[in-house]
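What follows is a single structure, written as structure tokens, with notes after it.
The values are calculated or read from the model by the stated rules, or taken from the named source; none is laboratory data. Keep in mind the model is a prediction, meaning the values are calculated, not measured. Glycine also receives a Cβ, built like all others from the backbone with ideal geometry; neighbour counts cover every protein chain displayed. Keep in mind that these areas ignore ligands, DNA and RNA; they rest on the heavy atoms of the full protein, side chains included. Shrake-Rupley method; radii C 1.70, N 1.55, O 1.52, S 1.80 Å.
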Amino acid sequence: MGQLDQTSDWGRRLAPSLEELESLALEAYAALPAEFRALSGEIRFCVADFPEEDVIEEMGLESQFDILGLFEGRAVGALGTPVTGEMPNRILLYRRPILDYWAEHEESLGTLVGHVLIHEIGHHFGLSDDDMEALEAAAD
């Protein structure tokens, strides 16, 4: 009976909204060690359904589904004196590509959002994708 109850619950669920995905990101960020968050400085988190066209072109993506998140701004080590008119650093999470990835893999949505968030924070600290892959491999 318990299995049937869980299945029927899924029958009434909708895909998480932008706001719900943002809440997952904020929960994942709050779960990080306080020291890590303090080192991160001011970061804004934003969720959009897809990346803007200029991001797709700039990054040479084949599809709007080819990116789950993006760090925009200057890495922590490059901050120094703010440039006039410079916006605060922000991390964008892309809802539809994240949901598509989630549907194809066996990972909880909260875990996936946390992974994307941490990956983008890595860029905030100036790490490249190769740096982060090496760190993940060393941690395994």
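Summary of the geometry: region 30-50 and region 96-125, compared by the centres of their Cα atoms, lie 14 Å apart. What the phi angles of region 31-47 give under the Karplus curve with 6.51, -1.76 and 1.60, with θ = phi - 60°, is a coupling list of 7, 6, x, 4, 4, 5, 4, 5, 5, 5, x, 7, 10, 9, 10, 9, 10 Hz, glycine and proline written as x.
Relative to the current alpha-carbon distance between SER40 and SER63, full extension at 0.36 nm per residue lengthens the span by 5.3 nm. Exposure check, 1.4 Å probe, all protein chains in place: ASP49 carries approximately 60 Å² of accessible surface.
The phi torsions of region 13-20, fed into the Karplus equation with coefficients 6.51, -1.76 and 1.60 and a -60° offset, translate into couplings of 7, 10, 4, x, 6, 4, 5, 5 Hz, rounded to whole numbers, with Gly and Pro shown as x. Panel values: region 31-131, Kirkwood radius from alpha carbon pairs, Stokes-Einstein at 25 °C and 0.890 mPa s, translational diffusion coefficient 168 µm²/s. Cβ-Cβ distance of GLU106 and SER128, R₀ of 25 Å, FRET efficiency by 1/(1 + (r/R0)^6): the value works out to about 0.35.
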